Amino acid sequence: MPGNFIPVNYLPIVIFIAIALAFGGVTLLLGTLLRPRRIYKAKLTPYESGNIPFSDARAPFPLRYYIIAMIFVIFDIETVFLYPWAVVYDKIGLYGLVEMTLFISVLLVGYIYAWKKGALEWD
Amino acid sequence: MIQTALNLIVVLVTIGVVMAVVLLHVAYLTYFERKILGWMQDRMGPMEVGYHGLLQPIADGLKLFFKEDIVPAQANKIIFTLAPILVLVPALIGFAVVPFGRDSIHLFGLTFRPYVTDLNIGILYILAFASIGAYGVLLGGWASNNKYSLLGGLRSAAQVISYELSLGLAIVGVLLMAGSLSLVKITEAQNGGALHWFILPQFVAFVIYLISAVAETNRLPFDLPEAESELVAGFFTEYSGMRFAFFFLAEYANMILVSCIATILFLGGWHAPFEALSFIPPILWFAGKVYFFLFFYIWIRGTLPRLRYDQLMMFGWKVMIPLALANILVTSVVLFFIRG
């Protein structure tokens, strides 16, 4: 009965999210009423260990992070595929084992390729 | 209608209790971290506020609450404000699916279960929300418009996604054995004493999980996103007052959450190790195991030096992920022959 099964179990999650959000919001709002607010220019500059800030902080960052993020997406999808497989594994037996071995092997080829290409290096 | 209202009251009370317990533990985890680190370094730790410094977390909390909240002039105001909440909320709501004990409590004709809700996708739910926390860190670091923050945020995001893979893959081994994603069912699958706990057949997964969990929560020796000696405070360099407290709170809540999951997945949750010891309430077993993991966290912080960033990424991608994949293959093959 997926129709009435899901909402009953997920409703507490929604309530929990609402309460956690309210906890954060109320604490911040209450704080604004109580805490001091004495700002001046030097206080509002970015912290650079006491030096006067130079150049913009929004500088270009190494491409490595982007490559790692792309490889992550591929492997994360693999992980998501493995979860339902693992849950029903004792029902699908040999078929499931062979299928998943093939699936992992295909990804392993990509993994070795990324390794050889130096995408996992960090220097 | 009355039944619905009563159910709502039960849910609200359970959520309130869970949140209160988690926040209290977060507060005293900071205290015990300072105490234990102090003892390890032959110091006393906090001693001034209250008996042996026992009121220190309350004093710290009040101080942060009354501190001025500085928003840097060049910061992106909206994202800067929202990022701490985006980190805090996922860290708290993960506890919704954690079964803390075995027995429901009956009070005033209402039944309070030892968990907020039992999702059939429990572990996936926790992982999904844990990923959202990484956005908060990245956005907070970027919105600060500070070089340290940006670098800290980037490092943190790259580290968290790298180790999330090995963490997620390590869990698959447990799922193969338990045949369910629900944390309640995974706990029940380890019934019958310490020999049935998944730590024995899944020891490799346990080690991978433990290391990845430390990296996930940005703790030493993997605390490069906030490496004090080079990045000041990493992604929350510009944060002060309550917003700073939220990042702190989220980090410690996440520590408790990964300890809870480690307990459930590998140490049998609330199960007693021997039948003879089952007179001790299940909830105490659960707490004891979680405290062990929390002590372990503080212990390695007091013992190990920080890694270099390239070592960290290399280790995650070239050691942990192949190891986790091999564990899945070996587990599935062995299970196939055992189950026939």
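Please treat every number below as a calculation from the coordinates, not as lab data. Note that this is a predicted model, so its numbers are computed, not measured. Ideal geometry is used to build each Cβ from the backbone, glycine not excepted, and the neighbour counts take in all protein chains shown.
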*asked:* Highest mean first, how do B:37-44, B:133-140 rank when packing is the count of other Cβ atoms within 10 Å averaged over residues?
replied: B:133-140, B:37-44
*Taking neighbour Cβ counts within 10 Å as the exposure measure, how do B:271, B:52, B:25, B:106 sort from fewest upward?*
B:106, B:52, B:25, B:271
*Holding the Cα-Cα limit at 24 Å, pick out from A:116/B:147; A:41/B:67; A:43/B:147; A:43/B:63 the pairs that are longer than that.*
A:116/B:147
*Provide the net charge surrounding residue A:100, with neighbours chosen by a C-beta distance below 15 Å and charges set as Lys +1, Arg +1, Asp -1, Glu -1.*
-2
*Cβ neighbours within 10 Å from other chains - mean over B:193-200*: 0
_Run through segment A:28-123 and list the chymotrypsin sites (Phe, Trp or Tyr not before Pro) located in a DSSP loop whose Cβ has at most 12 other Cβ atoms within 10 Å._
A:40, A:54
*For peptide B:65-75, how many partner chain Cβ atoms fall within 10 Å of a residue's Cβ, on average?*
5
*Return one number: the angle in degrees, 0 to 90 and rounded to the nearest 10, between the long axis of the Cα atoms of helix A:64-87 and the longest principal axis of the Cα atoms of chain A.*
50 degrees
_Loop-located trypsin sites (Lys or Arg not before Pro) in segment A:29-82 whose Cβ has at most 13 other Cβ within 10 Å (DSSP)_ = A:37, A:38, A:58
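State to the nearest 20 debye the size of the charge dipole of the protein assembly as shown about its Cα centre, where the only charges are +1 on K and R beta carbons and -1 on D and E beta carbons.
So the dipole magnitude of the protein assembly as shown works out to roughly 620 debye.
If the only charges are +1 at each Lys and Arg Cβ and -1 at each Asp and Glu Cβ, what is the size of the charge dipole of segment A:2-117 around the Cα centre, to the nearest 20 debye?
Here segment A:2-117 has a charge dipole of around 800 debye.
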*Can you find, among B:98, B:120, A:28, the residue farthest towards the positive end of the dipole of the protein assembly as shown? Put +1 on the C-beta of Lys and Arg, -1 on that of Asp and Glu.*
A:28
*asked:* Using only the alpha-carbon atoms, how far is helix A:89-117 inclined from the longest principal axis of chain A? Give it as 0 to 90 degrees, nearest 10.
replied: 60 degrees
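Considering every residue in B:303-315, what mean count of other chain Cβ atoms within 10 Å of its Cβ is obtained?
That works out to 1 on average.
For the protein assembly as shown, build the convex hull from the C-alpha positions and give me its volume per residue in Å³.
Normalising the Cα hull of the protein assembly as shown by residue number yields 177 Å³.
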*Taking the dipole about the Cα centre of segment A:2-117, with the C-beta of Lys and Arg at +1 and of Asp and Glu at -1, give me whichever of A:17, A:88, A:106 is farthest to the positive side.*
A:17
_Taking the number of other C-beta atoms within 10 Å as the exposure measure, put B:217, A:101 in order starting with the fewest._
A:101, B:217
*Fewest first, what order do B:203, B:274 take by the number of other Cβ atoms within 10 Å?*
B:274, B:203
